[in-house]
Amino acid sequence: MPETLLIKNGRVIDPSQSVDEVAPVLIRDGRIAAIGRGALAAADQAVDATGLIVTPGLIDMHVHLREPGQEECETIESGTAAAAAGGFTAVACMPNTNPPLDSDAAIEFVLRQAARAGSARVHPIGALTSGRQGKELAEIGMMARAGAVAFSDDGAGIADAGVCLRAMRYLSMFDKLFIQHCEDPTLAGSGCMNAGPTATRLGLPGIPAIAEVVMVQRDITLMQAAGVRYHVAHVSTAGAVELVRAAKAKGLRVTCEVCPHHLLMTDEICAGYDSVYKVNPPLRSRADVDACIEGVRDGTIDCLVTDHAPHGKEDKEREFQYAPFGMIGLETALPLYIEALVAPGVIDWPRLVRMLSTRPAELLGVTGGTLREGAPADVTLIDPERIWTIDAEQFRSKSRNTPWNKRTVRGKAVGTLVDGVWKYRDAAFPAG
Ligand code: DOR
């Protein structure tokens, strides 16, 4: 690692300090040494970032790394390489592995593998209940001590209100974020896509929007009794966005996140029975998509995530009803968010960076989200104008289940630094 690295002429956007200006950034010994005039010192290495945006490293607080248990789909090594290529310097990984991340040993295993693989920081999310079964509380305290940054049963929201309240109460003692996959199983049943006219036409069982809404509503009641910080994972319905908006207006500690696919596609795209579009929560109606976009615009939605969910080709190639839910996203999210939110003027660049970096760091209580002097030099360089065509064959991820293959997009991460070390550098990024 060079002792000093100077990033010159880039547009520096750091929402944590309300910075948005063309300025030099000096990195020394893996930390941010200065931004602006104080940064203009002789450096061992300099890069010219003219035309690029320089941001605190992007943080994806909802990914699936599949290790342990499904290493043929992804490993911590391949998933973090995909993260770095997408501009992410850190990811928070969900506990729906096999075995699940429901013990301190499992959390320690993930952290050890991450330290070894090393392309991006990995923040494990521990399971709330043992085996993610929704019955007995998991060893939350021990996992928190081992390094779990938040807790969730992921793919399965806790259906039992009593267990859910106990988990919330216990978690509130550690001030960790409670993340819920909001879907009432009795309403979702064996549904495999959004309940609506398209599902009816296709003869497929539907997951109604109210399956999400009912659990968010119940949880907002429970979280007030427990005093926990409560976060709705991958929000997808107008009803849930409205509930979070109302909860925030009341001053409750309720937050939420959204995925690119819930902003850019409706359930109608499932009409060809292509399981690449099968995801949970499912792609919803136009009204739901519009409500999610409005939720981003007015600040109801806090964070942008991917729900990166790698699956093998053979699994995804089964009939729609039997294929697993999920699509990958780490290497495509940035341009898709630009397309969905920045290009149409829903939010500006500083808001985008806040939602992709500063806010997730705040919610998880982890390092990053800032270019403040002294902070670890986790930095992403973005070319906002680069036009390129997504090619799944080029992905660092081990899986290929993306609905965006061959799409031409604008905007790309061209350089990713973690602790001041290049973890990804685009071939076309001008050498310093
Ligand atoms: O589509 C999804 N896939 N949603 C989830 O909640 C889980 C994820 C997975 O792990 O495959």
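Dividing the summed -39500 (n - 2.57) terms of all DSSP H runs of n ≥ 4 by the residue count of the chain sets its mean residue ellipticity at 222 nm at -7500 deg cm²/dmol. Whole Å is fine, so just give me how far the alpha carbon centre of segment 245-313 lies from that of segment 34-77. Computed from Cα coordinates, the inter-centre distance equals 25 Å.
Listed from fewest to most Cβ neighbours within 10 Å, the set E108, E77 follows the order E108, E77. Each peptide in 109-121, 80-92, 314-326, 342-354 was scored by the mean count of other Cβ atoms within 10 Å over its residues; highest first, the order is 80-92, 109-121, 342-354, 314-326. Considering only alpha-carbon pairs that sit under 8 angstrom and 6 or more positions apart, the relative contact order computed for segment 276-341 is 41 percent. Per-residue extension of 0.36 nm, minus the Cα-Cα distance of D298 and A392, leaves a gain of 30.5 nm for this segment.
Listed by chain and number, the aspartates and glutamates whose alpha-carbon sits under 18 Å from that of K250, ignoring those within fewer than 8 places in the same chain, are D219, E242, D298, D302. Please tell me the relative contact order of the chain in percent, rounded to the nearest whole number, where contacts are Cα pairs under 8 Å and at least six residues apart. 20 percent. Assuming R0 = 25 Å, what is the FRET efficiency of R253 and R318, from their Cβ-Cβ distance, to the nearest 0.05? Using R0 = 25 Å, I get an efficiency of 0.05. Rounded to the nearest 5, the antiparallel percentage of DSSP beta bridges internal to segment 1-95 is 55%. Across segment 331-380, C-alpha contacts under 8 Å between residues 6 or more apart give a mean separation that, scaled by the residue count, equals a relative contact order of 18 percent.
The DSSP beta bridges internal to the chain are antiparallel in roughly 50% of cases.
Each value in this text was obtained by applying a stated rule to the coordinates, not by laboratory testing. Note that the structure is a prediction, hence the values are computed from the model and not measured. Cβ: placed from backbone, ideal geometry, glycine included. Neighbour counts: every protein chain shown.
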